[in-house]
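Following: one structure in structure tokens, then a few remarks.
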Amino acid sequence: MSEWLTTFHLATVVLDPYTNESSWVLPTARRILDALRGSDARVNFLVTADEDDTRAFVGPLADEFLVFSDPDRLAVKALGLETLPAFVFIRVDCTVPAAAEGWDPVAWRGVAEAISEVTAWRVPDIPAPTDPGAFHGTPALG
């Protein structure tokens with residue numbers, strides 16, 4: 001991830017493929033990242049699994065988005081996340097000005113607003129009618 005931060009901010013959705021909660025938010029995360037795709041932030045998924053399980057979890061999204069595998073959860077630890085799924089804005093200077101943990105539509109909108117403010121992009125609609133109801137999430141470190 002650090003190599004991508006030399007030129008672009010990152011709009012990262014962090015998922016744990018071994019939990020229901022991350023699967024519940026996957027279509028919503030795809031919609032949000034797709035809406036931010038044209039901004040000066042590189043949209044991506046960070047999945048807490050090895051490459052095979054990551055590809056199995058994200059399926060064809062691996063062909064649409066940048067996807068990182070974090071089987072040892074080192075990036076999750078470095079980001080200071082306690083609950084997954086999460087939506088994180090990582091600036092090129094490696095700071096995290098905005099992060100939301102669990103699926104909290106208001107908090108995720110706050111992250112999208114931070115990204116949009118820095119990149120002069122439009123804020124996606126969060127929540128959308130098809131999004132799940134809010135839920136806390138699961139422990140980020142497994």
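So here's what we get for this one:
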item	result
Value of relative contact order over the chain, rounded to a whole percent, pairs C-alpha under 8 Å and six or more apart	30 percent
For the chain, share of DSSP beta bridges that run antiparallel, in % to the nearest 5	50 percent
Over the chain: Kirkwood hydrodynamic radius from C-alpha pairwise inverse distances, Å	14.7 Å
The chain: most fluctuating residue of G102, G59, G110 per GNM, C-alpha cutoff 10 Å	G59
For the chain, size of Cβ-based charge dipole, Lys and Arg +1, Asp and Glu -1, in debye	320 debye
Inter-probe distance in nm under a simple model that places probes 7 Å from Cα toward Cβ, at C94 and W24	3.5 nm
Given charges at Cβ of Lys, Arg, Asp, Glu: the chain dipole, positive-most of V118, S23, T7	V118
When segment 1-51 is reduced to its Cα atoms, the Kirkwood hydrodynamic radius in Å	11.8 Å
Helix-only CD estimate at 222 nm, as mean residue ellipticity for the chain, using -39500 (n - 2.57) per DSSP H run (n ≥ 4)	-10500 deg cm²/dmol
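Every number in this text was worked out from the coordinates using simple rules, so none of it is lab data. Quick caveat: nothing in here was measured; it's all calculated off a predicted structure. Every residue, glycine among them, receives a Cβ derived from its backbone with ideal geometry; neighbour counts consider all protein chains shown.
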